[in-house]
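Nothing in this text is a laboratory measurement; each read-out follows from the coordinates by a stated rule. Everything numeric in this text was worked out from a predicted model, so none of it was measured. Counting neighbours? That spans all protein chains shown, and the Cβs are built from the backbone with ideal geometry, glycine included.
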Amino acid sequence: MSPLLEIDDLTVTFTHRSGRTRAVDGLTLTVAARESLALVGESGSGKSATALAVMGLLPASARVAGSVRLTGLELLDLPDQEFSRLRGRRVAMVHQDPLGSLTPVLSVGAQVIEALTIHQRGISRHDATHRAVELLDAVGIPAARTRISALPHEFSGGMRQRVGIAMAMANSPELIIADEPTSALDVTVAAQILDLLDDVRTETGAALLLITHDLGVVARSCERVAVMNHGVLVEQGAVETLFTSPASGELRSLLTATTSSAGHGRPAGNPVLRVTGLRKHFTARRGHEVTAVDGVDLDLAAGQALALIGESGCGKTTLLREIIGLRRPAAGTIEVLGRDLAALRRRDRAKLRQHVQMVMQDPTASLNPTMTVADLIAEPLRIHGWSRANARARARELLDLVGLDEDCAERRPARLSGGQRQRVAIARALAPRPRLVLLDEPVSALDMSLRAGIIDLLTELRDQFDLAFLMVSHDLSLTRQAVEHVAVMYLGKVVESGPVGEVLDQPLHPYTRALIAATPTLDVCTARARRAAVLTGECPDPGAKSDRPQGCAFRARCRLYAELPVSERHRCEQLAPSARSVGARRITCHHAVLTPESASWSGSAHRVTPAVQDDDVRARPHVRTR
């Protein structure tokens with residue numbers, strides 16, 4: 001039986017001012033009907049160029065040679081008009097950025113309807129609308145019939161990606177190409193999207209070509225893997241086989257970069273940051289109040305690193321912005337280096353600012369594209385009164401410190417790779433010799449090997465200069481490697497906090513367990529068994545009063561609550577839980593307690609038998625693995 005997709009000696013070359021770049025070099029690959037194949041490799045390895053060649057979406061500057069056949073039909077020879085009729089009907093694509101791939105001024109329903117009517121000429125408007133509602137409902141859009149008229153910006157990232165999948169499956173294609181479909185999402189939503197793609201394959205019978213650099217995603221969702229490096233296919237085979245015994249250095253490198261050990265402990269120094277009862281409210285466009293941060297307590301000492309983890313919308317970035325603002329909080333207190341921000345005068349704030357710096361999530365957006373690297377690093381020093389000569393000298397010193405060549409000094413950000421740009425952002429933050437560095441998803445825009453390199457660099461710099469790090473992250477594997485302490489946030493509250501090894505290896509709060517169950521792992525059997533433990537739904541909108549129920553805000557998604565006897569649910573329904581100590585940890589849950597079973601918890605599906613609660617915390621069995 002012939003394969004569904006046959007790629008034979010494919011070569012893709014891009015022509016630009018400085019010459020030519022061969023993005024894909026003699027690739028030969030097949031995808032069978034109903035098969036799930038992952039195409040992996042670092043940034044620039046040719047993965048996306050391959051996908052775009054199959055879809056016929058390469059720019060005019062690209063030169064393509066070789067053969068791409070779909071059930072024997074040569075795609076590279078098709079006229080544009082004929083390829084357009086095939087694209088979306090027989091081959092569909094789910095893009096990396098769901099917001100960028102959707103038209104911002106058209107409702108999500110109109111875009112799903114368009115995907116149907118383009119390829120089903122005889123379908124009526126009524127039938128297309130009915131089918132669009134069915135598709136949105138099938139991919140998990142709540143209240144699909146009423147939300148069909150919403151614009152893309154009114155949906156969360158996960159909901160937008162679901163719309164993209166609905167459009168891809170609209171015409172029951174034979175092949176779905178998913179290009180990094182989860183890289184912009186947090187772990188729980190990413191796990192839901194991967195499970196949804198599995199369901200789509202089951203329903204439509206489509207094959208899946210998954211483009212990714214995350215091997216944990218491959219372990220969860222794919223049967224075969226093909227590894228690319230600099231445009232060349234270096235290895236392919238069954239996922240279980242290659243993950244156990246990789247033949248190529250490229251795959252070994254990716255596997256090593258994905259595997260991380262717990263953060264190394266070091267003694268705490270003097271207090272650097274103390275946050276007590278911090279609250280932050282916004283007035284939303286429709287007039288109601290948005291509670292972004294709701295009574296957060298944090299402590300951080302010199303030489304220590306604390307990670308804030310949780311789903312998008314839980315308040316992590318808002319908390320960082322309140323600290324970096326160095327202003328009086330709306331409620332609660334923030335102390336930096338022993339100074340209460342509410343009591344500072346303007347001159348004192350200016351002096352304190354050089355001791356608190358921030359590294360943003362996206363270095364491309366945070367660095368001025370018109371400035372040279374040397375000027376970017378020197379700019380905060382000039383603001384704090386350094387002479388131009390001394391600031392430039394310090395900039396060159398910092399380039400060496402973060403592992404960049406001196407010739408980078410006169411380049412502009414556009415001429416640097418993603419990893420190099422992030423190193424520039426780190427050098428810029430370190431320029432005024434800060435004591436506290438805030439890191440907002442500092443590696444999420446990078447591939448796995450670059451992520452590991454940046455985390456190693458940050459750890460070395462923290463040790464060398466006795467810095468304190470407060471880091472926002474949704475990558476729990478790298479969090480484990482980079483920090484000593486972790487705080488888990490949900491709807492503006494810290495629900496569990498403590499030493500990183502205890503919280504991530506022995507999670508107590510059901511929300512923490514759900515985050516860990518959704519985290520990609522390289523163990524294929526574990527990755528696929530975790531599907532039953534995936535958290536349903538998304539973090540509620542903090543601005544919607546109807547989404548913030550009385551009592552425990554997490555209970556609508558909580559496995560523990562769902563398995564409580566009805567007689568024991570009243571506390572969760574009526575009383576918001578208060579934080580209490582469990583050993584070295586703080587936990588905000590009425591029912592979770594530390595037991596021998598939870599101490600050996602591995603993230604698999606679990607069943608909870610609640611314990612009667614007293615004011616103290618006793619070790620009682622309430623978890624059994626199944």
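Brief remarks on what is shown
- Filtered trypsin sites (Lys or Arg not before Pro), region 297-327: DSSP coil and at most 15 other beta carbons within 10 Å: Arg327
- Cα centroid separation - region 224-248 against region 2-33, whole Å: 17 Å
- Net charge in the neighbourhood of Gly403 (other residues with Cβ under 12 Å of its Cβ; Lys, Arg +1, Asp, Glu -1) is -4.
- Equivalent ellipsoid dimensions for region 5-258 as semi-axes, Å, which come from the Cα gyration tensor, largest first: 30, 22, 17
- Rounded to 5, percent antiparallel among DSSP beta bridges of region 5-258: 60 percent
- Calculated diffusion of region 271-494, Stokes-Einstein form, Kirkwood radius summed over Cα pairs, 10 °C and 1.306 mPa s, µm²/s: 88 µm²/s
- Cα gyration tensor shape for region 167-247, rounded if a/c is under 1.5, else prolate or oblate: prolate
- Sites Ala556 and Thr283 - FRET efficiency at Förster radius 30 Å, r taken between beta-carbons, to 0.05: 0.75
- Distance between the C-alpha centres of region 65-101 and region 554-594: 50 Å, rounded to the whole angstrom.
- Using θ = phi - 60° and Karplus 6.51 cos²θ - 1.76 cosθ + 1.60, couplings along region 364-380 (whole Hz; Gly, Pro as x): 5, 7, 8, 9, 5, x, 8, 9, 6, 4, 4, 5, 4, 6, 6, 3, x
- Pairwise FRET efficiency - Asp77 versus Ala330, Cβ, R0 = 56 Å, nearest 0.05: 0.30
- Mean separation of Cα contacts under 8 Å (6+ apart) over length of the chain, as relative contact order %: 13 percent
- Cα shape, region 366-444, gyration tensor, a/c 1.5 rule: oblate
- Normalised contact order of region 102-226, rounded percent, pairs of Cα under 8 Å and 6 or more residues apart: 24 percent
- Taking other residues whose beta carbon is less than 12 angstrom from the beta carbon of Thr588, and scoring Lys, Arg as +1 and Asp, Glu as -1, yields +1.
- Two-site label geometry, His130 and Arg145: point separation in nm, points 7 Å out along Cα→Cβ: 1.3 nm
- Computed over the chain, Cα set: Rg, Dmax in Å: 25.6, 77
- Coupling constants for region 345-359 follow from the phi torsions by the Karplus curve (6.51 cos²θ - 1.76 cosθ + 1.60, θ = phi - 60°), and in residue order they are 8, 4, 5, 5, 5, 4, 5, 6, 4, 5, 8, 10, 10, 9, 10 Hz; glycine and proline get x.
- Gained length - Thr256 relative to Asp299, 0.36 nm times residue gap less alpha-carbon distance: 12.2 nm
- FRET efficiency for Arg17 and Arg382, using Cβ-Cβ distance with R0 set to 30 Å, rounded to 0.05: 0.35
- For region 176-204 versus region 351-415, the spacing of their alpha-carbon centroids is 38 Å.
- Potential extension, Ser67-Ile118 segment - 0.36 nm per residue separation minus Cα distance: 15.7 nm
- Close amide H partners of Gly26, meaning residues 5 or more places away or on another chain with modelled amide H under 5 Å apart, are Leu10, Thr11, Val12.
- Estimated 222 nm signal from helices in the chain, with DSSP H stretches of n ≥ 4 weighted -39500 (n - 2.57), rounded to 500: -10000 deg cm²/dmol
- Lysine pairs with alpha-carbon atoms under 25 Å apart, the chain, spacing 8 or more or separate chains: 7
- Each residue, Ala60 and Asp8, gets one label point 7 Å from its Cα in the Cβ direction; the gap between the two is 3.1 nm.
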